[in-house]
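The values are calculated or read from the model by the stated rules, or taken from the named source; none is laboratory data. Bear in mind that the values here come from a model prediction, so they are computed numbers and not experimental data. Here the Cβ is made from the backbone with ideal geometry for all residues, glycine too, and neighbour counts use every protein chain on show. Each accessible area value is taken on the protein alone, full model and side chains, heavy atoms only, with ligands, DNA and RNA left out. Shrake-Rupley method; radii C 1.70, N 1.55, O 1.52, S 1.80 Å.
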Amino acid sequence: MKKVVGFAINILSLFSMRKAVDIAYLLFSTPRKGKFTGDIPSFLSNTHQVQISYNSNYIQGYLWNEEEQDLPLVFLVHGWESNSVRWEQLITYLKGSYRLLCIDAMGLGASPGKNLSVIEYSRLIGFCMNQYKPSVVVAHSLGAFATLYQVCKQQPLYIKKLVLMAGLDQFNLIATNYIKLLGYNRKLTKAFYGYLEELIEMPLLAYSSQNFIDTIPCSALIIHDVNDDYVRIDECEVYHEKAAKKNIKIIKTVGLGHSLQDVSVFEEISNFIK
């Protein structure tokens, strides 16, 4: 089916490359799951809900221990095709000691929209950081990539600790895998790469964690599972090596997969952010 869709977009590119690129990008940036189809799960509905105004719309957010202003604030950022529910176990583990904030990215959870651009997600993360000024940020998967980029770009002094879970290194690998999956022709591929570079305002190869980590302004912890099937650890080798040279602690778990949902991980995070 994917090859059929790719073939149709290839044909369209012969008549209108711009329309073909637009459709290709729309497919690339549309999550297939992660949106709440019914009521907000009780874990989220039973806490303080906020609607954060953003770009003439809003983003759904959730706060724990909001009234405890003397507690440090931890901002939690989910990944692709996910939402704030993914943080239930970690929040349950931490919530006695911190204020906690998480958001549903555009088009996911209870937030409106259908599309999630990584660069727009990164801008949203930066917007929320500036509004709430957390001292700790914990991010997962694509959220970890987008957060690392934004932290290194903004250099916020209020962030003291950054936890990056199952974060990817080179974004161009995601784009390349998508192009291969759909079978786009050479001209469409070139135009698609060019469009991505316009959005991120840099060469695609520079849009990588190994590049961002050079200017990280705070203490960081990287956690990655050796059996991660979504973000392979061998694809992050250079990124992890450069992080290690900056004395960033890297924890490699075994058998937890991409989600890293385990009390041993929560304990490592808790010890690091104390």
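For this structure, a couple of remarks:
- Pairs with Cβ under 8 Å, 6+ apart, first in the range 244-261 and surrounded by 13 or more Cβ atoms within 10 Å (Cβ to Cβ), second charged (D, E, K, R) and assigned to a loop (DSSP other than H, G, I, E, B): THR253/ASP262; LEU256/ASP262; GLY257/ASP228; GLY257/ASP229; HIS258/ASP228; HIS258/ASP229
Matching residues to (1) over 18 Å from the mean Cα position of the chain (by Cα); (2) open to solvent by less than 10 Å² (accessible area, probe 1.4 Å):
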position	(1), (2)
LEU44	yes, yes
THR47	yes, no
TRP64	yes, no
GLY79	no, yes
ASN83	no, no
LEU90	no, yes
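- Among residues of the range 156-193 being in a helix (DSSP H, G or I) and among the β-branched types (Val, Ile, Thr), the one that is farthest from ILE251 (Cα to Cα) is THR189.
- The range 142-168 - residue that is touching a residue at least 60 places away in the same chain (Cβ under 8 Å) and among the aromatic types (Phe, Trp, Tyr) and, of those, least open to solvent (accessible area, probe 1.4 Å): PHE145
- Condition met for ALA139 (open to solvent by less than 10 Å² (accessible area, probe 1.4 Å) and either over 19 Å from ALA220 (Cα atoms) or among the charged types (D, E, K, R) (or both)): no
- Hey, GLY113 free of Cβ contacts under 8 Å to residues at least 60 places away in the same chain, surrounded by fewer than 23 Cβ atoms within 10 Å (Cβ to Cβ), farther than 26 Å from LEU199 by Cα and out of contact with any helix residue (DSSP H, G or I) (no Cβ under 7 Å at 6 or more places or on another chain) or not: no
To keep it simple, each residue is scored yes or no on (1) touching a residue at least 40 places away in the same chain (Cβ under 8 Å); (2) not small (Gly, Ala, Ser).
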residue	(1), (2)
LEU44	yes, yes
HIS48	no, yes
TYR54	yes, yes
ILE59	yes, yes
LEU63	no, yes
GLU68	no, yes
VAL74	yes, yes
VAL77	yes, yes
SER82	yes, no
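- Count of residues meeting criterion [among the hydroxyl-bearing types (Ser, Thr, Tyr) and open to solvent by less than 20 Å² (accessible area, probe 1.4 Å)] in the range 193-233: 3
- Listed by position, the helices (runs of 4 or more DSSP H) enclosed by the range 9-125 that each have at least 3 residues that are of a type in the set (A, V, I, L, M, F, W, C) are 17-28, 88-94.
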